[in-house]
1. Under 10 Å, Cα contacts only: if you run a Gaussian network model on the chain, which one of 96, 274, 135 comes out with the highest mean-square fluctuation?
2. From Cα pairs below 8 angstrom and at least 6 apart in sequence, can you work out the relative contact order of region 128-277, rounded to a whole percent?
3. Show me the trypsin sites (Lys or Arg not before Pro) within region 27-124 that DSSP assigns to loop and that have at most 15 other Cβ atoms within 10 Å of their Cβ.
4. Given region 128-277, what count of lysine pairs have C-alpha atoms under 23 Å apart, with each pair 8 or more places apart or on different chains?
5. Pairing rule first: another cysteine's C-beta must sit under 4.7 Å. Under that rule, which cysteines of the chain stay single?
6. Report, in whole Å, the centroid distance computed from the Cα atoms of region 105-176 and region 25-59.
7. Among 239-245, 171-177, how do they line up from the highest to the lowest mean number of other beta-carbon atoms within 10 Å?
8. Could you compute the longest span of the chain free of GluC sites (Glu not before Pro) located in DSSP loops and having at most 14 other Cβ atoms within 10 Å, not counting the site residues?
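Only the coordinates and a few stated rules stand behind these numbers; no lab work does. Because the structure is predicted, anything quoted here is derived from the model rather than measured. Here the Cβ positions follow ideal geometry from the backbone for every residue, glycine too, while neighbour counts run over all protein chains shown.
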Amino acid sequence: MTMNRTVRLARRPQGLPPADTWAIADEPVPQPGEGEVLVRVKAISLDPAMRGWINEGRSYIPPVAIGEVMRAGAVGEVAESRHPDFAPGDAVAGGFGVQRFAVARALDLERIDLRVADWPTWLGVLGMPGMTAYFGLLDVGALKDGETVVVSAAAGAVGGLVGQIAKIHGCRVVGIAGGPDKCRHVVETLGFDACIDYRKGDLVRRLAAAVPDGLDIYFDNVGGETLEAAISLLRRGARVVICGAISGYNDFTKITGPRNYLNLLVQRARMEGFIVFDYAGRYPEAKRQIAEWLRAGRVTAKEDVQHGIDRFPEVLNMLYTSRNFGKLVLVP
Ligand SMILES: NC(=O)c1ccc[n+]([C@@H]2O[C@H](COP(=O)([O-])OP(=O)(O)OC[C@H]3O[C@@H](n4cnc5c(N)ncnc54)[C@H](OP(=O)(O)O)[C@@H]3O)[C@@H](O)[C@H]2O)c1
């Protein structure tokens, strides 16, 4: 008999989640009710935000409960349908969680077109990270053609697309990433003008040399010292987009504020955070545009596809230890 393999939250971790944070088990495949479908999950999105979702306490969505299947965006194929709009074989995206089979309400499903892109890409540039890059840069950052843009975690799912969209808009784009391989990819494949390897140290001086006239947008994915370095280089009217602060996700007690935040005042700059889900009503517009850029070869998608649902605990931690290279996806 086919079974469903699930990853449930067993306990709330301290620091980088150890393997016993999770309970992995075989369970009966769930049955769809009226208006629902059964989905066979093809690929699961692993996202830095997952670390926040398993903490106790209030955030922008409730925490995953102990004993609950770990929350995750995913893509899959309809295996069984009890809704007239969906049939077995349809390709869909939704919040299916970390498991091999999921029951979902037909109302909550998004159809995906595998002729446009393969499964993992629908979790990357055509999925939530793509939406984050698009609206974070164009709406929150209010990008103008020809500006100077700096983005951290530049080889990652969000950062890689932020820089490519800025290049499409004729900007000078400087990435910040960890290690020579990622930096080479950012410049040679993604087309950024420069990339600074923050592991080499002396970030402020090297970043200043890369943006001698300062920067108009800093798209922050990592927080900490990198944020502070960028704030020291703001131009008049600059925007700092607070997308994430992955350097602090495993230990909130070590997060310190940017000591030089008064440079926002001096430069009449603003710093603004956002949550991509607030743009859900406009995702179709962004997806159409990004799909068009993909087709025209103006955007390159890079995914890091890992296999085996039992490896979820170690694969998730790749995000917080800089071992993923591109959008991290798990094929269960
Ligand atoms: N606001 C929103 O709605 C929203 C939505 C989606 C994502 N996000 C945020 O966007 C950011 C990027 O997410 P993603 O999915 O694209 O992940 P990603 O960039 O593909 O992967 C995470 C990367 O972060 C970097 N990193 C990890 N620990 C670090 C540290 N201590 N210092 C500096 N860099 C570190 C690593 O790259 P290096 O090798 O370069 O160190 C790692 O590969 C995250 O902060 C995430 O929370 C926000």
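1. Evaluated over the chain, the most mobile residue of the options is 274.
2. Answer for region 128-277 is 22 percent.
3. Counting only loop positions with at most 15 other Cβ atoms within 10 Å, the trypsin sites (Lys or Arg not before Pro) in region 27-124 are 58, 82, 115.
4. The number of close lysine pairs in region 128-277 is 4.
5. 171, 243
6. Measuring centre to centre over Cα atoms gives 24 Å.
7. 171-177, 239-245
8. Here the longest segment lacking exposed loop sites spans 69-332.
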